[in-house]
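Please find one structure pasted underneath; my questions will follow.
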Amino acid sequence: MSAIESAFCRSGPWRHLARRWVLPWALDGVELQGDVLEIGGGSGAMAEGMARRFPNTRLTVTDVDGAMVRAAGHRLQDHPNVKVERADVTALPYAGGSFDVVTTYLMLHHVIDWTDALREAARVLRPGGTLIGYDLTDTALARLTHRLDGSPHRIIAHDELTEGLAVAGFRDINVVLSARRHLMRFRAKGGE
C-alpha cells in the first residue's frame, strides 16, 4: 500500500464512509454472527463498523503492516469483542475451521499471490462458512492509479476472481460488478 493510500485509510473521511456506506454495501444484507475474521483490515475502519453493528460477534482483525495493526489496535481498543493481530494473509496463523465468516475489503489487489490468500480464507472457514468482500476490478483506471502510486499490486479481473474462488474450494460463488465496473462485490461459501 502506498503512503497516500495508507494515510487515506487512517483518515476521518474514510472511517465515516466505511461505516455509513461501504460496510452496508459490502455486506449486502448479511448479518454477521459467530467468529469473524477480517483479513487485511488496515487501520480498522471497516472493523469498527462491524464491531458496532454486530456487538455479539467475536471479531479478529489482521493486517501484515505493523503500522496498520497499531492504528487498528488503537481504534478498536474499546471494543471488547475485537482483537487485532499481525498476520500474513497468505499464511494465516489460525487452525483450519476457526471462523464462521471471513471478510476482505479492498485489499486482495495488494496481495500479489491473492490466490494463496483465497486458499487460506477457505482453510480457516468452518464448513459452510461465508467469505464476503469487495475489491477493485481490472480497469484502466485501477491499473493507472496503482502504477502511479508505486504500490505493489495485482489487479484482478472479474473472471479471474470467480475462477480463483472456485479453485480455492469455494462454492455458491457470486461476484457482482458495481460502480461502473470499477468494483466487484463477492460472496462465497466454504466447502463442506
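In the stretch 128-138, what count of residues is obtained for those that are assigned to a strand (DSSP E or B) and either within 18 Å of Ala157 (Cβ to Cβ) or of a type outside the set (Val, Ile, Thr) (or both)?
7
A follow-up question, please. Within the stretch 139-189, which residues are in a loop (DSSP other than H, G, I, E, B), closer than 22 Å to Ala18 by Cα and charged (D, E, K, R)?
Arg180, Arg181
When the residues of the stretch 90-137 are filtered to those that are on the phi > 0 side of the Ramachandran plot and modelled with pLDDT under 95, which remaining residue is surrounded by the fewest Cβ atoms within 10 Å (Cβ to Cβ)?
Only one residue tops the list, namely Gly128.
Output the residues belonging to the stretch 107-125 that are touching a residue at least 60 places away in the same chain (Cβ under 8 Å) and closer than 23 Å to Gly49 by Cβ.
Scanning the stretch 107-125 gives Met107, Leu108, His110, Val111, Ala117, Ala121, Val124, Leu125.
Continuing with the same structure: Cβ contacts < 6 Å: first residue touching a residue at least 60 places away in the same chain (Cβ under 8 Å) and within 21 Å of Ala117 (Cα to Cα), restricted to the stretch 60-83; second residue hydroxyl-bearing (Ser, Thr, Tyr) and not in a strand (DSSP E or B), any location; separation 6+ or different chain. Result?
Every condition considered, the pairs that remain are Met68/Ser43.
Need the failing condition index for Ala157 against (1) surrounded by fewer than 19 Cβ atoms within 10 Å (Cβ to Cβ); (2) in contact (Cβ under 8 Å) with a residue 60 or more places away in the chain; (3) within 17 Å of Asp113 (Cβ to Cβ), just the number.
Only one criterion is unmet by Ala157, namely (2).
I would also like to ask the following. Got a sec? Which of Ala51, Ala87 is touching a Pro at 6+ places or on another chain (Cβ under 7 Å) and either under 28 Å from Arg181 (Cα atoms) or modelled with pLDDT of 95 or more (or both)?
Going through Ala51, Ala87 in turn, the sole match is Ala87.
Criterion first (in contact with a Phe, Trp or Tyr (Cβ under 7 Å, 6 or more places away or on another chain), surrounded by 19 or more Cβ atoms within 10 Å (Cβ to Cβ), at pLDDT 90 or above and part of a helix (DSSP H, G or I)) does Ala26 satisfy it?
yes
Moving on to the next point. Of the numbered conditions (1) crowded, with 20+ Cβ neighbours inside 10 Å; (2) farther than 15 Å from Asp100 by Cα; (3) of a type outside the set (A, V, I, L, M, F, W, C), Gly190 satisfies every one except a single condition; which is it?
Tallying (1) crowded, with 20+ Cβ neighbours inside 10 Å; (2) farther than 15 Å from Asp100 by Cα; (3) of a type outside the set (A, V, I, L, M, F, W, C), Gly190 fails exactly one: (2).
Specify the residue that is nearest to Asp28 (Cα to Cα); the eligible residues are those in the stretch 163-176 that are exposed (fewer than 13 other Cβ atoms within 10 Å of the Cβ) and hydrophobic (A, V, I, L, M, F, W, C).
Val176
The values are calculated or read from the model by the stated rules, or taken from the named source; none is laboratory data. If you're wondering where the values come from, they're calculated on a predicted model, not measured in any experiment. When we count neighbours, we look across all protein chains shown, and the Cβ atoms used for this are built from the backbone with ideal geometry, even at glycine.
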